[in-house]
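What follows is a short report on a single structure.
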Amino acid sequence: MEFSALPFIIHIFILAITPPFFLGIIAKTKAFFAGRKGPPLLQVYYDLIKLFRKGAVYSKTASPLLKVAPVIIVATTFVAGLLLPITGKAPFHFEGDLILFAYLLALARFAIILAALDVGSSFEGMGASREATFGAFSELAFFLGLVVLAVTTNALSLNAIFQWESVHPTLKPVFLLLFFSFFLILLTENSRIPIDDPNTHLELTMIHEVMVLDYSGPDLGLILYSASMKLFLFMALTTSLLWPQPMEWEWISIGTLFLKIAGMAVAIGIVESANARLRLIKIPQFLIANFVVTVFALLVTVFNKGT
């Protein structure tokens, strides 16, 4: 495992500081298409500062799990970010780290589901049930997508998988399919339209937001911060399928990264502006269709390997 101080520091700085900014780009894009001025680009930072300065209120029926869950979610998401090559080589990489990457994100989901069930609220239990159900579909497609990448590149490390220059050209049909599939997974995993609406306040229709109704103050800030970091990771992963980052760290790679993810944030804003949220009974069909796309990508990969 190689280690270099400056790229490691830059990687941590980008991962820790920049994710909320891209939520601002999404909000600005949606406001533009709605004919509004919209909130400032740094509004999420203002919200986080406000939440961290407040106190927290806890239910009398809740266990310590309610307090621990936000820390677990932030920690697991951050560690997952250290395994993903963002501006160059990942700070920590080893054979099989793509499995750890997926399971760290799954652990964050598990923690928030347990915390939602902990308070005994019927609404939060309903949201946890939906999160577990839809997450099972999206995680299946996500794991299969990682399998396609592993088979294509003959590597089990995210760092090795994304060494595009020395392995294969990027514009292949399989990567176009994976880009489409991972984009839909991105929308699902981050509770974006058409799967969920992060701005809704209707308990009967919410998925993610209903699970955090009992959180306030710093705990709610940690959950919001971890959500922005998770979205950042999925955007970086998805854009790298078509526009790879150079493996050798350079200052220009930071600008490339920001342009790619900003473009993805604009694309998410456009999708959310042009589409309505799906009915709950339609979401499983949507996720199964996405899984079929990933299966087709795997078949294309296996067929190409055999020829």
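Among the residues of the range 75-99, write down those that are surrounded by 17 or more Cβ atoms within 10 Å (Cβ to Cβ) and outside any loop (DSSP other than H, G, I, E, B).
Matches in the range 75-99: THR76, THR77, PHE78, ALA80, GLY81, LEU82, LEU83, ASP97, LEU98.
Can you go through HIS93, HIS11 and tell me which one is within 26 Å of LEU241 (Cα to Cα) and touching a Pro at 6+ places or on another chain (Cβ under 7 Å)? Walk me through it before giving the result.
Details: HIS93 fails: touching a Pro at 6+ places or on another chain (Cβ under 7 Å).
Only one candidate qualifies: HIS11.
So, in the range 238-264, exactly how many residues are over 21 Å from ILE25 (Cα atoms) and at pLDDT 85 or above?
1
Could you list, in sequence order, the residues of the range 193-225 that are over 19 Å from ILE113 (Cβ atoms) and at pLDDT below 90?
ILE193, PRO194, ASP197, ASN199, THR200, HIS201, LEU202
Name the residues in the range 49-74 that are among the small types (Gly, Ala, Ser) and exposed (fewer than 14 other Cβ atoms within 10 Å of the Cβ), would you?
Initial filter on the range 49-74 (among the small types (Gly, Ala, Ser)): 55-56, 59, 62-63, 69.
Once the filter is applied, which keeps residues that are among the small types (Gly, Ala, Ser) and exposed (fewer than 14 other Cβ atoms within 10 Å of the Cβ), the range 49-74 yields GLY55, SER59, SER63.
Can you pull out every residue in the range 274-290 that is surrounded by fewer than 15 Cβ atoms within 10 Å (Cβ to Cβ) and either of a type in the set (Val, Ile, Thr) or in a helix (DSSP H, G or I) (or both)?
Residues satisfying the conditions are ALA274, ILE281, LYS282, PRO284, GLN285, ILE288, ALA289.
Look through the range 145-161, keep the residues that are in contact (Cβ under 8 Å) with a residue 60 or more places away in the chain and crowded, with 19+ Cβ neighbours inside 10 Å, and return whichever of them is nearest to ILE283 (Cα to Cα).
GLY145
The values are calculated or read from the model by the stated rules, or taken from the named source; none is laboratory data. Just so you know, these numbers come straight off a predicted model, no measurement behind them. All Cβ positions, even for glycine, are placed from backbone atoms using ideal geometry, and neighbour counts span all protein chains on display.
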